[in-house]
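Visitor: I'd like to ask some things about the structure below.
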Amino acid sequence: MKNRPEWLSNAVFYEIYPQSFKDTDGDGIGNIKGITEKLPYIRDLGCNAIWMNPCFDSPFGDAGYDVSDYYKVAPRYGTNEDLEELFAEAHKLGMHVLLDLVPGHTSWKHPWFLQSMKATANEYTDRYIWTDSVWEEAPGYGSLRGISDRDGSCIVNFFTHQPALNYGFYKPNRPWQQPMDSKGALATRNAMKDVMAFWLSKGCDGFRVDMAGSLVKNDEDGKGTIALWQDVRSFLNEKFPEAVLVSEWGEPDKSIEGGFHMDFLLHFGPSHYNDLFRCEKPFFGGEGDASAFVEKYLESYNKATGNGLICIPSGNHDMDRLARTISGEHAKMAFAFLLSMPGAPFLYYGDEIGMRYVENLTSVEGGYGRTGSRSPMQWDASVGAGFSEAPAEKFYIPLDPDSKRPNVEAQLADRNSLINEVKKLIRIRQAHEALRNEGGIRFVCDGAKGKPLAYYRSSAGEQILVVINPTVEAYPVPLETGAGELLYCLGNKPAIGEGTCVIPAGSVCFLKVC
Ligand code: NOJ
């Protein structure tokens, strides 16, 4: 059963890391007014939806994934009113905005945690997961210990300053492990529903949900977490039926059953995503092998089809920039793939101009190795790259120091630039139902070493053969029906013969077939 808001079927997302996008008040850090100012740019690129990384009050030990107030925009980004204005302006342009919901943990500075640390019982005693004694750690989890009057260790979810909220245990097996329907676990769930309702009522269109699959503990098959999200979905269906949920889960059979509309293909776990873009010999670099990816992708696709969509990102704030391994014409090929696959594509800010991973940066806000992928957006060739008027030493992450760093203005003026190719590809995708998010896919060549990737995309009225050949040899792909219009071509044109489409080395084609 398909149950998605209409706009998702043709959505192309742009991920914004708010601190690095556009600074309008000269303090060296991006803000919400900056994002609003740049909405026409994003729309012009062809993207019609945004995922914004967390923008709530936080001590920023993990770039805002350590929330200290779910109801308040962090002052460095502006005000709640600024965010409401962003929603309204986006809607005027026909765009939608997803916020980043972090339901699994808070900052250790969150008032709920400060109360939960107290030795005397209070409303928040069971908001987090505590063992009964500071000497007992929760098996299999990291913990915070010895920081409170309360005698216990508190489970953490990611960094040690991110205590895990209590949604209960699927199979409790210690006295301190509460079941999912315990009073404390249900109170946490309701508190998160309140947060969602608050922002949805202000005009946000839904959420990308951080670590969505790990809320319920001792839940190996995900059954408890699925049930929890089903309950959240029923709540939303009643009050905000149009609210979109996208999960950071990476297991569409579970996330979609839980009521998510879409799930991400993750860069960790079994997906083989990195084989394509980020490994020693990535497929789009020309020497790699995409076959393990295709096999895994099809497994997920078959599980999600008809119900949900799998989203393939160009990158994100947690992984190396695409340009660290793929550049030039090969980057265009990678985008031809990303923008011709089913599921909503996600473009990470700056990838459209091939922004580089900035090497050797000291970690900022818990970024560590991720910091190099989070540097300020490069809008133009000015000293501050059009990101900020602040002096360089005030930039919260330094700009790419390379004098030839790419920028939006120069690339827009260059017909052969990456950004213009990305724009063209989005236009073609959005004009053809078969290429959009819900069109079907059937692979005819799996990109095994030395071979191209080739697949048919289809909708009720249309079939399009996509062939991407980053290798150094031409390759004959079987053509099952007659060839029609060549919708897109990068590099040399394919030679279309009786029953074959010979794709030249280093080229891409989208061929309508009849
Ligand atoms: C996934 C987020 O994408 C990442 O940036 C964050 O550090 C962890 N979850 C913890 O919230």
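Visitor: May I ask you to evaluate 6.51 cos²θ - 1.76 cosθ + 1.60, the Karplus curve with θ = phi - 60°, for each residue of the stretch 311-324 and list the ³J(HN,Hα) values in order in whole Hz, giving x for glycine and proline?
Guide: Going residue by residue, I get 9, 9, x, 6, x, 6, 6, 9, 10, 4, 4, 3, 5, 5 Hz, with x marking Gly and Pro.
Visitor: Using a 1.4 angstrom probe with every protein chain in place, what is the largest-first accessible-area order of K38, K332, K171?
Guide: Details: K38 40, K332 15, K171 130 Å².
Largest to smallest exposure gives the sequence K171, K38, K332.
Visitor: While we're on this one: In the stretch 330-398, what GluC sites (Glu not before Pro) fall in a loop by DSSP, with at most 16 other Cβ atoms inside 10 Å?
Guide: Of the GluC sites (Glu not before Pro), the ones in loops of the stretch 330-398 whose Cβ has at most 16 other Cβ atoms within 10 Å are E359, E389.
Visitor: Report the label-to-label distance for E295 and F159 in nanometres (one decimal), using points 7 Å from each Cα along the Cα→Cβ vector.
Guide: 3.8
Visitor: Calculated FRET efficiency, R427 and A227, Cβ-Cβ r, R0 56 Å, to nearest 0.05? Display every interim value, and only then the final one.
Guide: Values: r = 42 Å, r/R0 = 0.75.
Efficiency, from the Cβ-Cβ distance: 0.85.
Visitor: About its Cα centre, how strong a charge dipole does the chain have in debye, to the nearest 20, once Lys and Arg get +1 and Asp and Glu get -1 at the Cβ?
Guide: Using Cβ point charges on Lys, Arg, Asp and Glu, the chain gives about 560 debye.
Visitor: Which pairs break 23 Å Cα to Cα here: K332/K451; K33/K424; K38/K424; K38/K92; K33/K92; K217/K296?
Guide: Too far apart for the 23 Å limit: K33/K424; K217/K296.
Visitor: Whole angstrom only: what separates the Cα centroid of the stretch 224-272 from the Cα centroid of the stretch 49-89?
Guide: So the separation of the two Cα centres works out to 22 Å.
Visitor: Shifting gears a bit: For K239, give me every one of the aspartates and glutamates with a C-alpha distance below 15 angstrom, ignoring sequence neighbours fewer than eight places off in its own chain.
Guide: Reachable aspartates and glutamates: D194, D205, D231.
Visitor: Moving to a separate point now. Taking amide H positions as placed in the peptide plane 1.01 Å from N, state which residues far from Y128 in sequence (5 or more) or on other chains have amide H under 5 Å from it.
Guide: N166
Visitor: Further question: Which cross-chain or sequence-distant (5 or more) residues have an amide H under 5 Å from the amide H of I50, H modelled 1.01 Å from N in plane?
Guide: Under 5 Å from the amide H of I50: Y14, H96, V97, L98.
Visitor: Could you compute how much accessible surface D25 exposes when probed at 1.4 Å, giving the result in Å² to the nearest 10?
Guide: 90
Visitor: Could you list which residues have their amide H under 5 Å from that of V244, counting only those 5 or more apart in sequence or on another chain, with H placed in the peptide plane?
Guide: Those qualifying (amide H under 5 Å, at least 5 residues apart or on another chain) are G206, F207.
Visitor: Could you please report the charge total around D23, scoring K, R as +1 and D, E as -1 over all other residues with beta-carbon less than 13 angstrom from its beta-carbon?
Guide: Details: positive: K22, K33, K38, R76, K394; negative: D25, D27, E37, E389.
Residues near D23 contribute +1 overall.
Visitor: Could you go through the stretch 205-220 in sequence order and give the Karplus-derived ³J(HN,Hα) for each residue, using 6.51 cos²θ - 1.76 cosθ + 1.60 with θ = phi - 60°, rounded to whole Hz, and x for Gly and Pro?
Guide: Those phi angles translate into 9, x, 9, 8, 9, 5, 6, 4, x, 10, 6, 8, 9, 6, 10, 3 Hz.
Visitor: With θ set to phi - 60°, apply the Karplus curve 6.51 cos²θ - 1.76 cosθ + 1.60 along the stretch 73-88 and write out the HN-Hα couplings as whole Hz, x wherever there is a Gly or Pro.
Guide: 3J(HN,Hα) across the stretch 73-88, in whole Hz: 5, 4, x, 5, 9, x, 10, 4, 5, 4, 5, 4, 5, 4, 4, 5.
Visitor: When the dipole is taken about the Cα centre of the stretch 232-356, and only Lys, Arg (+1) and Asp, Glu (-1) are charged at their Cβ, what size is it in debye, to the nearest 20?
Guide: Using Cβ point charges on Lys, Arg, Asp and Glu, the stretch 232-356 gives about 200 debye.
Visitor: Which value, in Å² rounded to 10, gives the accessible area of D231 with a 1.4 Å probe and all protein chains present?
Guide: Roll a 1.4 Å probe over it and D231 shows about 50 Å².
Visitor: Continuing with the same structure: 222 nm [θ] for the chain, helices only, -39500 (n - 2.57) per DSSP H run of 4+, per residue, to 500? Spell out each step's value before the answer.
Guide: On the way: 12 runs with 123 residues, N = 514.
Estimated from H runs of four or more residues: -7000 deg cm²/dmol.
Visitor: Nearest 10 degrees is fine. How inclined is helix 328-338 to the longest principal axis of the chain, computing both from alpha carbons?
Guide: So the inclination is approximately 70 degrees.
Visitor: I'd like to check one number: the per residue accessible area of the stretch 293-419, probe 1.4 Å, reported in Å² as a whole number.
Guide: Value returned for the stretch 293-419: 38 Å² of accessible area per residue.
Visitor: Now for a separate question. I'd like the carbon and sulfur percentage of the solvent accessible area for the stretch 440-513, probe radius 1.4 Å, heavy atoms only, ligands and nucleic acids excluded.
Guide: C and S atoms contribute 52 percent here.
Visitor: For K92 and A119, what does the FRET efficiency come to when R0 = 35 Å and r is the distance between their Cβ atoms, rounded to the nearest 0.05?
Guide: Details: r = 52 Å, r/R0 = 1.49.
Calculated transfer efficiency: 0.10.
Visitor: So, in Å, what gap is there between the alpha-carbon centers of the stretch 109-152 and the stretch 439-506?
Guide: A separation of 57 Å, based on Cα centres.
Visitor: Sorted by accessible area (1.4 Å probe), largest first, how do T79, T160 line up?
Guide: Output order, biggest surface exposure first: T160, T79.
Visitor: Continuing with this model, one more query. Rolling a 1.4 angstrom probe over the protein chains, ignoring ligands and nucleic acids, what is the accessible area of H272 in square angstrom, nearest 10?
Guide: Here the residue's solvent-accessible area equals roughly 70 Å².
The values are calculated or read from the model by the stated rules, or taken from the named source; none is laboratory data. These figures come from a predicted structure and were not determined experimentally. Methodologically, a virtual Cβ is constructed for each residue, glycine included, from the backbone with ideal geometry; neighbour enumeration extends over all protein chains shown. When the accessible area is computed, the model is the full protein with side chains, heavy atoms only, and any ligands, DNA or RNA have been set aside. Shrake-Rupley method; radii C 1.70, N 1.55, O 1.52, S 1.80 Å.
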